[in-house]
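Visitor: The structure follows.
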Amino acid sequence: MNLDLSLLFEIARRRARTLIAVGVVVFLAILVHGLCFRRQVFGAAASVAMQQTGGGGILAGLGLGGGDQSFIGVLKSRKFAETIEKRVHLTDALHLPPGEAVGLLMGSVSPTPAPAEGLLYIRVSLEGPPYLAPGAAAQRTRVQTAVADVANAYAAALKQYLTTSDMSRDSVLLRAADEQVKRARQDYEEAFFNYASRSRGAKTTPSFSGDAAGGTATGGQTSQTTAAQTTEAGSLENLYQQRRQYEAELNEAMTRQETSQTLRSNQLGAANQLPSEDALLNGARTRVTNARLNLKTLRLTLGPDNPQVRLAQKELDLAETEFAAQQQGFKSGLTSEQVVANVNIAGLRNRLETLNRQIATTEANFHASRNRSTDLEYARNDLSLKFEFLKSSYSQLANLSLQSVAGKNRMAVIDSALPAGNGAPGLTLIAMLSVIGALATCAAFVVIEFLLETSRRLYAA
């Protein structure tokens, strides 16, 4: 069957007025619907960078490796949506019915990992009023602000989740170490006040309030010691608090220095393998690398006996000598950071030695009463054991802090979400859709009449 295309153009000419009328009606209908009834959508996005704690690449760091969609599931959970609603108060901002904001938030967030960029995008989309709806300008402003607030609140809630609830190995170890330090501090405080109360002759352990370093003893029975013994007991209490603080600070500083020196020594042992962007001796390494490349290039182009080649060899020797000298200086502790750390440790040791002498003098005067020597020695031994455990707990926490990534440090917000711009669909898209709809309707009208006319002719033939 051959189609007569001339008939198609004849129908279009014959129905021109009808087609124009139908096209105008369809165009206006679509345009009115898009401007007055079609709700616009406003979007905003916040980008975050997350540091992984183990193998698996960036997707593993985002909790997305091996098909694990844990963080995407957390972001789209009802718990997170309720948290965001408490922070942003979307119900009040958009005048929503009670209880609708949580479901709206669960459907509006769209976490999108970007492994190539090393980022996680938290995209949020909220519907606003139609373009020409009554009061659209004020409503549109509220939605544009609210969508950015929601995206930023999701980023903040994710960081809070990583700090308090993340179940990765490093985070669990750090939280356990922190709890151990808290328990050790509490045990030490109880042992200390027990020791102090026995030294003053009290029959009950006084209660205390305030933090570990500045707690204030209250309660207990009236001391039977002299005024001088009471003064010495208070002085000894303050001295022990200061010694605990100084020794904890000294132990933490020494642990940080030792760990830092070990890690930097490992770097210096393989300095040639460090990436170019690493800050360790970057200038010297760059000069050696450039000298080697220059010598290699000149040897290939000019030959080994050329004067420029010999000059380039001397420059390489000088650069390597300077690099070796800087390495030796770094290992010898000549950097500003190591000098400051050594000065800080020396100062802490001097203060601690002075404090120990003061404690020894005060204890010698304080232990004048022989009737309480046995109980006092027992309390002192218990205090010493609790203090050693406290130091060990601080040391473990400091070591883990250097070698592990805490949940609060695993994520950083790179770009905060900004208030949304124009919504979608915009005026241009609505106009284009109206034109396309009108043309498609007219074309369909012509094609249908063409097919009917062709069928009648075939039947008549």
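Visitor: Which pairs, out of 86/182; 79/159; 159/391, put more than 26 Å between their alpha-carbon atoms? Display every interim value, and only then the final one.
Guide: On the way: 86/182 30 Å; 79/159 15 Å; 159/391 30 Å.
Flagged as over cut-off: 86/182; 159/391.
Visitor: Still on this model: Using a cut-off of 13 Å between beta-carbons, work out the net charge of the residues near residue 152 (Lys and Arg +1, Asp and Glu -1, residue 152 not included).
Guide: Once positives and negatives cancel, what remains is +1.
Visitor: Calculate, for residue 289 and residue 310, the FRET efficiency according to 1/(1 + (r/R0)^6) with r their C-beta to C-beta distance and R0 22 Å; round to the nearest 0.05.
Guide: After rounding to 0.05, the efficiency reads 0.65.
Visitor: Ordered by packing density, taken as the mean number of other Cβ atoms within 10 Å over each peptide's residues, highest first, how do 150-162, 426-438, 113-125 rank? Provide the component values of the computation, followed by the final result.
Guide: Working: 150-162: 21.8, 426-438: 15.3, 113-125: 17.8.
Result, highest mean first: 150-162, 113-125, 426-438.
Visitor: Lys and Arg at +1, Asp and Glu at -1: add these up for the other residues within a Cβ distance under 13 Å of residue 131 and post the number.
Guide: Neighbourhood net charge equals +2.
Just so you know, all these numbers are worked out from the coordinates, no wet-lab data involved. Since the structure is predicted, the reported quantities are computational estimates derived from the model, not experimental observations. Here the Cβ is made from the backbone with ideal geometry for all residues, glycine too, and neighbour counts use every protein chain on show.
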